[in-house]
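Taking it in order: structure first as structure tokens, then the write-up.
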Amino acid sequence: MPATKPLPSGFTLAIIGCGKCAYILLEHVLGDLGDRVCPIEFVVGDNVEAARRADAVVLSCHPHQGSEILRVPGMSEALADKLLLSMLGGVSVTTLEDSLYAKSAGAVPSLGRCHIIQAIPNVAAARKKSITVVGDRSACMPDEALELGQEILRRIGDHAFVGTNQMAAATALCASGTAFFSWLVEAMVDAAVAEGIERSEATRMAALTMAGAAELVVSGEDPAVVTARVTTPGGATARGLAVLEHSEVKETVAIALRATTLKIRS
Ligand SMILES: NC(=O)C1=CN([C@@H]2O[C@H](COP(=O)(O)OP(=O)(O)OC[C@H]3O[C@@H](n4cnc5c(N)ncnc54)[C@H](OP(=O)(O)O)[C@@H]3O)[C@@H](O)[C@H]2O)C=CC1
């Protein structure tokens, strides 16, 4: 996991839409402060005021509410020159910018534009293990705004940059992927239980085996090399792998990822 640097002294972060996803981020932002005292304010019913008081804003409401929140009079001024970290799945930076600046019909607003980053974390953020997908960004994003956005995201794990065109597939891989890998653990556990291993122990063993394999790959080993290392020709693992290859599991995984990607794009 990447090391975090302290956020700037006196820095104020506003969270608009502090539900499940943002609460986890907030927990880790506060956790990282250690003994430093940090006042928390609740601004009820006035998102513009919350944005106005902040140095940077996280937007984490439901995707369909984002435009409505940003369209409110005064919001574009409240966000001028600030970072807006959007966690809204499937909502592009262009859509958010249109909501903020539609009235100025593309003209440069009197105050500076805000700097929007689209970042989609996954549920492992709860354990600071999210691989957050960072896609769309405002044009001409200053380095400091991007660095600040990354620093906030480091509180919940690591992140990866992808192009706008890869955003849907990357969200399928990283956000939906958590469900796919958990589903695979479940299948392994069911199979182990059928072989007589007690369920809770099988769950722990399967999960740690997956984490171990992941750790090897994360540390730089090629997944195919890890597979080959475990597989003696003609041995027991080779027998099981042959069943997987014959069942066209790889093709089915590709179809599932494609279906998820298309749904995210739609
Ligand atoms: N959950 C996840 O794992 C992930 C979620 N996301 C994205 O994060 C976003 C939030 O998801 P999640 O945390 O699960 O959803 P939640 O429903 O838990 O949170 C949404 C929050 O937004 C608040 N809200 C609604 N309308 C407004 C408004 N007008 N002004 C201010 N706040 C408002 C809601 O308050 P109230 O309850 O009072 O209506 C609620 O607290 C979504 O856009 C989702 O796509 C992205 C990646 C992963």
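Considering every alpha-carbon pair of the stretch 134-266, the percent of pairs per 10 Å bin, from zero through the bin containing the longest distance, is 10, 27, 35, 19, 8, 2. Axis angle, to the nearest 10 degrees, between helix 236-246 and the longest C-alpha principal axis of the chain: 60 degrees.
Placing pseudo-labels 7 Å out from each Cα toward the beta carbon at Val243 and Asp190 gives an inter-label distance of 1.4 nm.
Between 0 and 90 degrees, the angle of helix 143-153 with respect to the longest Cα principal axis of the chain falls at about 50 degrees.
I want the local charge near Ala124. Using Cβ-Cβ distances under 15 Å, sum +1 for each Lys or Arg and -1 for each Asp or Glu among the other residues. Show your work: numbers first, answer last.
Working: positive: Lys20, Arg127, Lys128, Lys129, Arg154, Arg155; negative: Glu27, Asp158, Glu215.
Net charge around Ala124: +3.
Quick one: of the DSSP bridges fully inside the chain, what percent are antiparallel, nearest 5?
On the way: 3 of 20 bridges.
Antiparallel: roughly 15 percent of the beta bridges in the chain.
Given a cut-off of 23 Å, name the pairs among Lys20/Lys128; Lys20/Lys129; Lys5/Lys128; Lys5/Lys82; Lys129/Lys263 whose C-alpha atoms lie farther apart than that in the structure shown. Pairs exceeding the cut-off: Lys129/Lys263. Computed FRET efficiency, Cβ-Cβ of Asp32 and Arg265, R0 30 Å: what is it to the nearest 0.05? About 0.30, to the nearest 0.05. The Cα-based radius of gyration of the chain, divided by its Kirkwood radius, gives an Rg/Rh of 1.05. In this structure, the amide hydrogen of Ile116, modeled 1.01 Å from its nitrogen in the peptide plane, lies closer than 5 angstrom to those of Leu84, Ser138, counting only residues at least 5 positions away or on a different chain. The residues Lys129, Lys20, sorted by heavy-atom accessible surface at 1.4 Å with ligands and nucleic acids left out, run Lys20, Lys129 from largest to smallest.
Provide Val57, Val185, Val44, Val243 ordered by accessible surface of protein heavy atoms (probe 1.4 Å), highest first.
Numbers: Val57 0, Val185 25, Val44 130, Val243 90 Å².
Listed by decreasing accessible area, they come as Val44, Val243, Val185, Val57.
The values are calculated or read from the model by the stated rules, or taken from the named source; none is laboratory data. In this text the structure is predicted, and so the values were computed from the model without any measurement. So basically every Cβ, Gly included, is an ideal-geometry build from the backbone, and we count neighbours across all protein chains shown. Ligands, DNA and RNA are excluded from the accessible area calculation, which covers all protein heavy atoms including side chains. Shrake-Rupley method; radii C 1.70, N 1.55, O 1.52, S 1.80 Å.
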